[in-house]
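Here is the structure we will look at, set down as structure tokens.
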Amino acid sequence: MNNSQQIVKVGIADMNIVKAPDAIRTSGLGSCVGVVIYDSLQSIAGLVHVMLPDSSLSRNDPINLAKYADTGIKELVSIMIKHGARKLSLKAKIAGGAQMFQFSSGNELMRIGPRNVEAVKKQLSTLHIALMGEDVGGNSGRTIEFDPKTGVLQIRTVNKGISYL
Amino acid sequence: MNFIDKISSEQLDILKEIGNIGAGHAATALSMMLNKKIDMKVPSVRIMTFDEMIDMAGGAENVVASVYLRIEGEAPSNMFFVLPLTQGNKYIQQLICDPNFSFDNPPYDEMAISALQELGNILASNYISSLSDFTGLDLHSSVPAVCVDMLGAIISYGFIELSAFSDYVIVIDTALNEANDDNARSVDGHFFLIPDPESFEIMFHSLGVALNE
């Protein structure tokens, strides 16, 4: 038991990192994807709450790197390396990318969840980061929490309760 | 250039009036449907970060019953009608005449979902038609979509369009409560209108106020 454990919260289009014994979490992922990148040997983990697939969509300057799958993951990796993680031991777990609303029309906006997931996977593979687990798609909101000490990702949904990855 | 930086207090007042008119008509429709007096609070228009908006609406993990509509036409926007579960249960129990119905036990009865959808449909069409009359803009809505889940997962859909432009959201929020509620300050539901970035200028223009004066 560790009573001094802090849980660092990550908001929408936001990122942060933690070292054991602390854990990191983000709440209410819908179409957004929570990307956890971790180095088990150094017990360090980062989490980015990705909202959109690609920074080329941005019409805002300066851009918020954490908002997009491509820039968010890249930036998170570089922050982690600055804090002692080693590039070669980085692994990833992802959750989210749901389709919360079912529309009959083929609205592109409604496909944002799956598009986010695709973009996240593409960026992870570009950076040669192994994807160790995923809980993506479906139509449920998710709250996730990652413990860098155990490397376990806890996923909570309203209807299915808690599961582990 | 960020559209949010250019908005004046006069323009915020106009957005408030838009909320007032739209939600006022919708609250009347809700009163008639439920045969209850429903009060509407003075709308608030706030410029917030995504996280602040979700906290203001009750927190990311708070489970709510919601109806989402995409407003299409000359001023595209997102609209949500959000009910806390206790309130959603009460309304649906009454609409489908089943006192045992509860959103706490999925999977939900098809009747209940379609009642919630119909509730959303009536409220939204009242909101949108009064908004359309007020601004003279051609506005119509998508078929309403229903979702019972975490608030953060639901409301974030309203940010997708604008998130490429900004890290802030302008939300026109109108809270409702039942007039005979013991606690007059309790909130029983919210309308959130989240216009797309390019819709602000169109709405202001239609009401005779330019965006960059």
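The values are calculated or read from the model by the stated rules, or taken from the named source; none is laboratory data. Model, not experiment: these values are computed from the prediction. All Cβ positions, glycine included, derive from the backbone under ideal geometry; neighbour counts span all protein chains shown. Side chains included, ligands, DNA and RNA excluded: accessible areas come from the protein's heavy atoms. Shrake-Rupley method; radii C 1.70, N 1.55, O 1.52, S 1.80 Å.
Let me have the relative contact order for chain A, percent, based on Cα pairs under 8 Å that are six or more residues apart.
26 percent.
In the structure shown, do any of A:LYS9/B:LYS90; A:LYS67/B:LYS41; A:LYS19/A:LYS74; A:LYS82/A:LYS160 have a Cα-Cα gap over 26 Å, and if so which?
The pairs that break the limit, which is 26 Å between Cα atoms, are A:LYS9/B:LYS90; A:LYS67/B:LYS41; A:LYS82/A:LYS160.
Express the accessible area of chain A per residue in Å², computed with a 1.4 Å probe while the remaining protein chains stay in the model.
Each residue of chain A exposes 44 Å² on average to a 1.4 Å probe.
Taking the dipole about the Cα centre of the range B:30-103, with the C-beta of Lys and Arg at +1 and of Asp and Glu at -1, give me whichever of B:VAL63, B:VAL42, B:LEU30 is farthest to the positive side.
Checked the options; the winner is B:LEU30.
A drop of at least 30 square angstrom in accessible area, chain alone versus all protein chains together, probe 1.4 Å. Which residues of the range A:6-49 meet that?
Buried on complex formation: A:ILE12, A:SER27, A:GLY28, A:SER31.
For the range B:41-158, which whole-number percentage of the solvent-accessible area (1.4 Å probe, protein heavy atoms only) is attributable to carbon and sulfur atoms?
Ligands and nucleic acids excluded, carbon and sulfur reach 51 percent.
Need one number: buried accessible surface between chains B and A, 1.4 Å probe, both sides summed, DNA, RNA and ligands left out, in Å² to 100.
When B and A are taken together, about 2700 Å² of accessible area is lost.
Per-residue ellipticity at 222 nm for chain A, helices alone: DSSP H runs ≥ 4 residues times -39500 (n - 2.57), over residue total, nearest 500 deg cm²/dmol?
Dividing the helical sum by the residues of chain A leaves -5500 deg cm²/dmol.
Go through B:ILE194, B:ILE14 and list them by solvent-accessible area, largest first, probe radius 1.4 Å.
Sorted by accessible area, descending: B:ILE14, B:ILE194.
Tell me the angle of helix A:69-82 to the major Cα principal axis of chain A, expressed in degrees between 0 and 90 and rounded to the nearest ten.
10
In the neighborhood of A:LEU153, defined by Cβ-to-Cβ distances under 9 Å, what is the net charge if each Lys or Arg adds +1 and each Asp or Glu adds -1?
Local net charge: -2.
Give the relative contact order (percent, whole number) for the range B:48-158; include only Cα pairs under 8 Å separated by 6+ residues. Intermediate values should be presented prior to the final figure.
Values: 151 pairs, mean separation 47.9, N = 111.
Relative contact order for the range B:48-158 comes out at 43 percent.
Work out the length of the dipole vector of the protein assembly as shown about its Cα centre, built from +1 on the beta-carbon of each Lys and Arg and -1 on the beta-carbon of each Asp and Glu, and round it to the nearest 20 debye.
Dipole size: approximately 1600 debye.
How much FRET efficiency would the formula 1/(1 + (r/R0)^6) give for B:MET56 and A:ILE81, where r is the Cβ-Cβ distance and R0 is 35 Å, rounded to 0.05?
Details: r = 36 Å, r/R0 = 1.04.
The calculated FRET efficiency here is 0.45.
Tell me, what is the 1.4 Å probe accessible area of B:GLU201, in Å² to the nearest 10?
Counting only protein heavy atoms, B:GLU201 exposes about 100 Å² to solvent.
In the range B:158-175, what residues drop by 30 Å² or more of accessible area when the other protein chains are put back, versus the chain on its own? Use 1.4 Å, and skip ligands and nucleic acids.
B:ILE160, B:SER163, B:ALA164, B:PHE165, B:ASP167
Would you mind computing Rg(Cα) / (2.2 N^0.38 Å) for the protein assembly as shown, counting N as its residues?
This ratio for the protein assembly as shown stands at 1.02.
So how do B:122-129, A:90-97 stack up, highest first, on mean other-Cβ count within 10 Å?
A:90-97, B:122-129
Using the charge dipole of the protein assembly as shown (Lys, Arg: +1 at Cβ; Asp, Glu: -1 at Cβ; taken about the Cα centre), state which of B:ILE154, A:GLY151, A:MET15 has its Cα farthest towards the positive end.
The listed residue farthest towards the positive side: A:GLY151.
Per the helix-only calculation at 222 nm, which mean residue ellipticity applies to chain B, given -39500 (n - 2.57) for every DSSP H run of n ≥ 4 and division by its residues, nearest 500 deg cm²/dmol?
-13000 deg cm²/dmol
How large is the dipole of chain A about the Cα centre if only Lys and Arg carry +1 and Asp and Glu carry -1, each at its Cβ, rounded to the nearest 20 debye?
Approximately 200 debye in magnitude.
Explain nothing, just the number: dipole magnitude of the range B:1-132 about its Cα centre with +1 on each Lys and Arg Cβ and -1 on each Asp and Glu Cβ, in debye rounded to the nearest 20.
About 380 debye.
Within a Cβ distance under 14 Å of A:ASN64, other residues only, what is the Lys/Arg minus Asp/Glu net charge?
-4
Rounded to the nearest whole Å², what accessible area per residue is found for the range B:71-213 with the 1.4 Å probe?
With all protein chains present, the range B:71-213 gives 38 Å² per residue.
Using a 1.4 Å probe on the protein chains only, how many percent of the accessible area of the range A:1-87 belongs to carbon and sulfur?
On the way: 1770 of 3640 Å².
Of all accessible area on the range A:1-87, carbon and sulfur atoms account for 49 percent.
Output the Kirkwood hydrodynamic radius of the range B:104-198, Cα pairs only, in Å rounded to one decimal.
15.8
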